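Visitor: Sharing a structure, written as structure tokens. Questions coming.
The values are calculated or read from the model by the stated rules, or taken from the named source; none is laboratory data. Small disclaimer: the values here were computed from a predicted structure and weren't measured. All Cβ positions, even for glycine, are placed from backbone atoms using ideal geometry, and neighbour counts span all protein chains on display. Ligands, DNA and RNA are excluded from the accessible area calculation, which covers all protein heavy atoms including side chains. Shrake-Rupley method; radii C 1.70, N 1.55, O 1.52, S 1.80 Å.
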Amino acid sequence: MGNQVEKLTHLNYKEVPTADPTGMDRDEGPRIGVSYIFSNDDDDLEQQQDSVHDLGGEHPALQPYDPQLHEVECSVYYRDECIYQKSFSEEDTLPEEGDEGGGGHLSTYTPENLLNRCKPGDLVEFVCQAQYPHWVVYVGDFQVVHLHRLEVVNSFLTDASQGRRGRIANQLYRYKPLSPAVVVRNALEQVGCKDRDLSWRNSECFAAWCRYGKREFKIGGELRIGKQPYRLQIRLGDKRSHTLEFQSLEDLIMEKRRNDQIGRAAVIQELSSHLQAAEEEEEEEEDHHHPGAQTAVE
């Protein structure tokens, strides 16, 4: 089979093997080595989203974009090391240069405002309600390189934004970055690459590869065998979290992006339904094994 992976689609979280719902990872022996991909290639879906703009239409019932309202707070771990974190809590994030307090790196700006903030080698994440985030690499002179519609292209930042607000996304991944000159070179060398020659499944993987140079961001960059070393910890609020496990960073990013696309409220609703169903099943099992307890409650 090599690095091939069968895409499996799950309608809800109840069908997915997870870690402990409290967010604590208990090592209780080997886990089944399966890679779960929750959506098709999101670049294809981004084309459908883009068609709304191309046709001059508007997304129904769009609200003013508020990152804390629409985005999912989460952390990504490789074994015990945190390699990605999106958090609005000042305690969990390092303040960005020029910002007071933590979480300032998640503020969003208009494309025109971003031009005054970007430096060559920066990663920019464009965000919008009900759309996949779109990542680009700023290469200077108001231009970016990004994976768009299954091709790596060079565009003006304002054109790549398609009217969406964006943020400099250098602080989300915690890998050590390459030098700005190398990041820009990595991006420019891939311009024109498309279709079957692509080594990245989405714009985020491409941009992150340019900045950090890690093969884990590439398609098939990791062998999907054995224990699942990656964990996506999703915050539900009130100090509660839920953890999903993956065999590759590529698969985890696909699920993280799906969460960004459907939005915070939908993710919390999915997880709440899953956790409630799991709790009800546990109660039924306990009642079955201890009928006397059920009678006492009644």
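Visitor: Keeping all protein chains in position, work out how much accessible area residue 88 exposes to a 1.4 Å probe, and write it in Å² to the nearest 10.
Guide: 40
Visitor: Measuring with a 1.4 Å probe in the full set of protein chains, what accessible area per residue, in whole Å², belongs to the stretch 158-217?
Guide: Solvent-accessible surface per residue comes out at 46 Å².
Visitor: Give me the percent of accessible area attributable to carbon and sulfur for the stretch 97-221, probe 1.4 angstrom.
Guide: About 45 percent, which is the carbon plus sulfur part of the accessible surface.
Visitor: Between residue 112 and residue 155, how many nm apart are label points set 7 Å from Cα along the C-beta direction?
Guide: Going by the 7 Å Cα→Cβ label model, 1.9 nm.
Visitor: Please list 3J(HN,Hα) in residue order for the stretch 121-132, calculated via the Karplus relation 6.51 cos²θ - 1.76 cosθ + 1.60 where θ = phi - 60°; whole Hz, with x for glycine and proline.
Guide: x, 6, 9, 10, 10, 8, 10, 7, 4, 6, 10, 5
Visitor: Scan around residue 143 for amide H atoms under 5 Å from its own, H built in the peptide plane at 1.01 Å from N, and keep only partners 5 or more places away or cross-chain.
Guide: 157
Visitor: Would you pull out the residues with amide H under 5 Å of residue 83's amide H, same chain only if 5 or more places away, H placed 1.01 Å from N?
Guide: Amide H to amide H, under 5 Å and 5 or more residues apart or across chains, residue 83 pairs with 76, 77, 78.
Visitor: I would also like to ask the following. Using a 1.4 angstrom probe with every protein chain in place, what is the largest-first accessible-area order of 132, 65, 78, 175?
Guide: Working: 132 5, 65 55, 78 75, 175 35 Å².
Listed by decreasing accessible area, they come as 78, 65, 175, 132.
Visitor: How far apart, in nanometres, would the label points at residue 191 and residue 78 be if each is projected 7 angstrom from Cα along the Cα-to-Cβ direction?
Guide: Inter-label distance under the simple model: 3.0 nm.
Visitor: Taking 8 Å as the Cα distance limit and 6 or more residues as the minimum spacing, I'd like the relative contact order of the stretch 222-272 as a percentage.
Guide: Relative contact order of the stretch 222-272: 31 percent.
Visitor: Further question: For residue 201, what accessible area in Å² do you get when you roll a 1.4 Å probe over the heavy atoms of the protein chains, rounding to the nearest 10?
Guide: Answer for residue 201: close to 20 Å² accessible.
Visitor: Mind ranking 219, 234, 168 by accessible surface for me, highest first, 1.4 Å probe? Present the calculation step by step, with values, prior to reporting the outcome.
Guide: On the way: 219 80, 234 0, 168 25 Å².
Descending order: 219, 168, 234.
Visitor: From largest accessible area down, sort 257, 196; use a 1.4 Å probe on the protein chains.
Guide: 196, 257
Visitor: Using 0.36 nm times the number of residues separating residue 69 and residue 175, minus their current alpha carbon distance, what extension gain do you get?
Guide: Working: separation 106, 0.36 × 106 = 38.16 nm, distance 2.72 nm.
Contour length minus Cα-Cα distance gives 35.4 nm.
Visitor: Using each residue's phi in the stretch 70-75, evaluate 6.51 cos²θ - 1.76 cosθ + 1.60 at θ = phi - 60° and report the 3J(HN,Hα) Karplus result to the nearest Hz, with x for Gly and Pro.
Guide: Coupling constants for the stretch 70-75: 9, 9, 8, 6, 7, 10 Hz.
Visitor: Output ³J(HN,Hα) for the stretch 223-237: one whole-Hz value per residue in order, computed from phi by the Karplus curve 6.51 cos²θ - 1.76 cosθ + 1.60 with θ = phi - 60°, and x for Gly and Pro.
Guide: Each residue of the stretch 223-237 in turn: 6, 9, 9, x, 5, 7, x, 9, 10, 9, 9, 9, 7, 9, x Hz.
Visitor: Mind listing the long-range amide H neighbours of residue 241? Cut-off is under 5 Å, sequence gap 5 or more, other chains count too, H placed in the peptide plane at 1.01 Å from N.
Guide: Placed amide hydrogens put 236 under 5 Å from residue 241.
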